[in-house]
Amino acid sequence: MLDLLIKNCNLADGRSGVDVGVQDGRIVAIQPALQAQAHETLDAQGQLLSAPFIDAHFHMDSTLSFGLPRINQSGTLLEGIALWGELKPLLTQEALVERALAYCDWAVANGLLAIRSHVDVCDSRLLATEALLHVRERVKPYLDLQLVAFPQDGLLRAPGAMENLKRALDMGLDVVGGIPHFERTMADGAESVRILCELAAERGLRVDMHCDETDDPMSRHIETLAYHTQRLGLQGRVNGSHLTSMHSMDNYYVSKLIPLIREAGVSAIANPLINITIQGRHDTYPKRRGMTRVPELLAAGVTVAFGHDCVMDPWYSLGSGDMLEVAHMGLHVAQMTGQDGMRACFEAVTTAPAKIMGLDELGIEVGKRADMVLLQAGDPVEALRLRATRLHVWRGGKRIASTPARTATLQLEGRPAQVDFRK
Ligand SMILES: [Zn+2]
């Protein structure tokens, strides 16, 4: 007797009309016409049963703080960082926990069940670290939260950042972060990458750095990151976030750089909503898009994910934890509008970030934890087109969120009474 049987599902890998059986929190069968009894049976009616959405790049310590203490007028990265600096002394642990939990509620409702959040550790109180460690425990039953020790004001630039970062890791943060392009000089940036990679190697941790988040074609920190990854044997454990300067780099140099990234097993995370709004701000026209070279990285075999980065904070006033919105923007900015390109964009918010975060438990495969999302769409491309409704969300086989199907009622002579925007 199964706990749950979902009949007639389409899967993101192209299989259609299969039944999925769940027992003791795990997927135990995926096959057509599964003959089994279950405590609960659901007909998916040929809709897409997907692995959960995953956001591998987020800032949960600032989320939902929009307007505190004021609004970012220029919309630039630098005013955002300055504004965050004004907000930091005003933060309380209770308010931070409350906002993070509220965001996790939105995430779950949107089928987003794993988030890697950077945590600013440039505050000797380590208030955000304590708050988010608490949140990580609170949400554990329904959401995997991975926390990056992020020296937002620069490891070498901000007084005490190194000590605070080590203390935050001692307290239990999971990943070593960095921000080499914000250090005082290119040389200091490179030095911060060396120090942080060595720290991660010593402690057996993963690395995820904000790297080259500028329009400067001469920014070279991703090269340094790939170099130290290779030197220290950290292949498969290191990620470069943003990499927006790659957009502006010389093409000849990039033809050398991408194979180095691939060889070092460094993954990449682009943040399309943020990159398209924050980069190119000093340009007149033509204006650069400023997102990293996603199709070229993918073609070289580099794992690439899309992150949300910000929701209603000093840098970005929009967003709702919807990773389909993120992927939708990503495919437009990268001009990945072919069928394979769009499928890759769907993977960039599901399977690719799982790989980057080392979440081996996730995926629609026999033996994996039954974390699943039923979408009101037939396949990944339709899901992207419609930013499809998450009809049901399961964690370990237990349903944790549902949303009614989206249907509009029409009152038109001689036309159908309802439309759901599916062809
Ligand atoms: Zn970020």
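Points worth noting:
- At q = 0.11, 0.16, 0.20, 0.21 Å⁻¹, base-10 log of I(q)/I(0) for the range 159-253 (Debye sum, equal scatterers on each alpha carbon): -0.30, -0.63, -0.95, -1.03
- Cα Rg over Rh - the chain, Kirkwood: 0.98
- The angle separating the long axis of helix 323-333 from the principal Cα axis of greatest extent in the chain is about 70 degrees.
- With bins 5 Å wide beginning at 0, the percent of Cα pairs of the range 321-423 falling in each bin runs 2, 11, 17, 20, 19, 14, 9, 4, 2, 1, 0.
- Per-residue Cβ neighbour counts within 10 Å put T185, T403, T244 in the sequence T185, T403, T244, beginning with the fewest.
- Label positions at I71 and E98, each projected 7 Å from the Cα along the C-beta direction, are separated by 2.3 nm.
- Where labels lie 7 Å past Cα in the beta-carbon direction, separation of A36 and D283 in nm: 5.2
- Dipole in debye (nearest 20) - the chain, about Cα centre, beta carbon charges: Lys, Arg +1; Asp, Glu -1: 540
- Note on the chain: Lys pairs 8 or more places apart or on different chains, Cα atoms under 21 Å apart, count 8.
- Hull volume per residue, based on the alpha-carbon atoms of the range 172-227 and their convex hull, is 75 Å³.
- Scaled against the 2.2 N^0.38 Å expected of a compact globular protein of N residues, the Cα radius of gyration of the range 201-272 reads 1.05.
- Sequence of Y142, Y285 once ranked by neighbouring C-beta atoms within 10 Å, starting from the fewest: Y285, Y142
- Stokes-Einstein diffusion of the range 55-98 at 4 °C, 1.567 mPa s viscosity, Kirkwood radius from Cα pairs, rounded to a whole number: 115 µm²/s.
- Of Y316, Y103, Y252, the residue with the greatest mean-square motion in the GNM of the chain, using alpha carbon springs below 10 Å, is Y252.
- Note on the range 97-168: Rg/Rh from C-alpha atoms, Kirkwood Rh, equals 1.04.
- Simple rule: put +1 on each Lys or Arg Cβ and -1 on each Asp or Glu Cβ in the range 1-112, find the dipole, and look at G67, A107, L5; the Cα lying farthest toward the positive end is G67.
- Across the options G290, T407, G330, the greatest Cα extent toward the positive end of the charge dipole of the chain (unit charges at beta carbon of Lys, Arg, Asp, Glu) belongs to T407.
- Within the chain, longest stretch free of exposed GluC sites (Glu not before Pro) [DSSP loop, at most 15 other beta carbons within 10 Å]: 1-360
A short reminder: the numbers here are calculations on the coordinates, not readings from a lab. These figures come from a predicted structure and were not determined experimentally. Note that we place each Cβ from the backbone using ideal geometry, even for glycine, and neighbour counts take in every protein chain shown.
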